1. Given H placed 1.01 Å from N in the peptide plane, which residues other than close sequence neighbours of Val481 have an amide H under 5 Å from its amide H?
2. Write down the Kirkwood hydrodynamic radius of the stretch 212-349, to one decimal in angstroms, obtained as one divided by the mean of 1/r over all alpha carbon pairs.
3. If one takes the longest principal axis of the Cα atoms in the chain, at what angle in degrees, from 0 to 90 and to the nearest 10, does the Cα axis of helix 354-375 lie?
4. What's log10 of I(q)/I(0) for the stretch 273-362 at q = 0.13, 0.17, 0.19 Å⁻¹, Debye sum over Cα points only, no solvent?
5. Amide H neighbours of Ile70 under 5 Å, counting only residues 5+ apart in sequence or on other chains, H built in-plane at 1.01 Å?
6. Using every Cα-Cα pair within the stretch 341-457, state what percent have a distance larger than 18 Å.
7. How big, on average over all directions, is the shadow cast by the Cα convex hull of the stretch 401-491, in nm²?
8. Order by neighbour count: Arg227, Arg484, fewest other Cβ atoms within 10 Å first, most last.
Amino acid sequence: MSDATYKSGRLGVSLGLLSGLVLLAGCGPKSYKRNADEEVYRFVDRQWQSEFGPRANYRITGAPAAPNDIDAQWLAGIEKAVTEGGVLTIPQAAALATARNREYHLQKERLYTLALDLRLVRHLYETQLFGGGRFLYFNDGTDGGVVAEPNLGFNRLLATGTLVSASVGVRWVDTFLGLGNSGLASIFSGRVTQPLLRGSDPRVVREPLTQAERTALYQIRAVSRFRKILVVSVVTQYYETLELQEVARNAETYVSSLQTLETRVAKLVGAGRLPIEELDQIRQEILRARDAHILACKEYERFLDFYKITLGVPPTTEFNLDAQVFADLKAKSIPDPNFFSPDEAVETGLYRRLELANRADAVLDAQRAVYVAADALRTGLNVFAGGDVTTRGDTRASAGAGLDLPLDRVDEQNVYAKALVLLNQRQREYDLTADTVRMEVREAHRKLRETAQRYQVLSEGLRLAQTRVESTFRLLQYGRVSSRRVLTALEHQYDARNAMADTLADYMVATLNFYRDTELLQVRPDGMWEVGPAAPTPSVPMTANISAAAR
């Protein structure tokens, strides 16, 4: 083989390596984004637990949808049905909010970014490949040449704290004008470092990864919890807005009843059986009722626009709420709310509330932080070894140890002292959250019982008011009572109807809040809610478990 052929072959090898590296570097941003999505949601799917509810509608815009997600076609069908029918039902509202609510999107995006952070931390414990090189031509007038230097290698941190690194470099040099040296050299370099004391405990080595995993898990719980809060908020606002629609309808009915009374009284006044002042009073009350109707319609429309913001749709989107919902509620009797005793409800909430689970795990995080900070106070002792090999047969090896005595550990002492303070803070935060859960569940249980009792009282009041209106109308026909008696009865009936609308809405909202605060409420993939199975009461209170772990 000629010298020129040999040189060309060596140059071809080097150029081939450099070309391969360039091709590897040519991966586009789309492939990187797809890989990031896969890594993120592989972790999320693995960490999603059954008590979080169905694994659906938790992926950000632009990522591949999960099988049970509300897709664009389904959403378009809902929007078309609402636009054509002009009425938004509760299931449609829940689906729209699940797909469009802006705050929910922020929660999902926060989960995505935290999972990306976890992916970055996990990469510290994976084999990290590196590669590159350069290709250079030089000519200074008296000497010239071509230099090709590709290189490849990897770094790897093991769970024991061992750091392994290795690299292979290739250098090819040729000169022109018959001057200088030419040749091909390969260099293999390897290094191993192993801590024996400080930093050798696998728990300490893996703590950044452990904490990153826990932080991402907390956000999974936060997304699940927020999804329930969102659905409760959407349905609550639906009932509250629907109540205003019912109030407007009651005002319209009240105006119609007053006009009927006006017609009858006008005949009695014409016959001289009633004074004209009573007719004037009724007409004045009609004007007041019309004014109340105008204000009620305006308030309903205002709340409806606010509701559209919650759903994530433009306020210019025109629709009304389903009035049949209130008609169905009136036709049904409210069930007895004593299906849970207050103590059972509190224990269920303590066992199931997701933010309380996050607080409990935060105490464990603080305990690990104390352990890691204590490890940093120890003596440092590292052993290391390395070697280099070239194609010319040259070798070089090295080995040794490094000692770091704990003579100056002021920074580490401060970190340790702060970790102990943080542990106490996390324990108090858990206790506060647990007490808050107890208070919220007890209040939700009281509100549920209160609204059920008010419903019984106000439904009887409405029945009496309707009976009174009917009887006074009959008595007025025979001239047995004045029109003022009928006017008062109609006013009381109007107030009773509004009170019934208020208590019906309050009861439904109280029911939702109770299931939300006990964490029994589950969100289906379509955005609607259902009541999940009651959790068994833990045999040992959560605070006792945490205290035992702290010891």
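Each value in this text was obtained by applying a stated rule to the coordinates, not by laboratory testing. Predicted, not measured: the structure shown is a model, and the values here were computed from it. Virtual Cβ from ideal backbone geometry, glycine too; neighbours counted across all protein chains shown.
1. When sequence neighbours closer than 5 places are left aside, the close amide H contacts are Leu476.
2. For the stretch 212-349, inverting the mean 1/r across all distinct Cα pairs yields 19.6 Å.
3. On a 0 to 90 degree scale, this one is about 30.
4. Taking Cα atoms of the stretch 273-362 as identical point scatterers yields -0.90, -0.98, -0.98.
5. Asn57
6. Roughly 71 percent, rounded to a whole number.
7. Projected over every direction and averaged, the Cα hull of the stretch 401-491 covers 12.2 nm².
8. Ascending number of Cβ neighbours within 10 Å: Arg484, Arg227.
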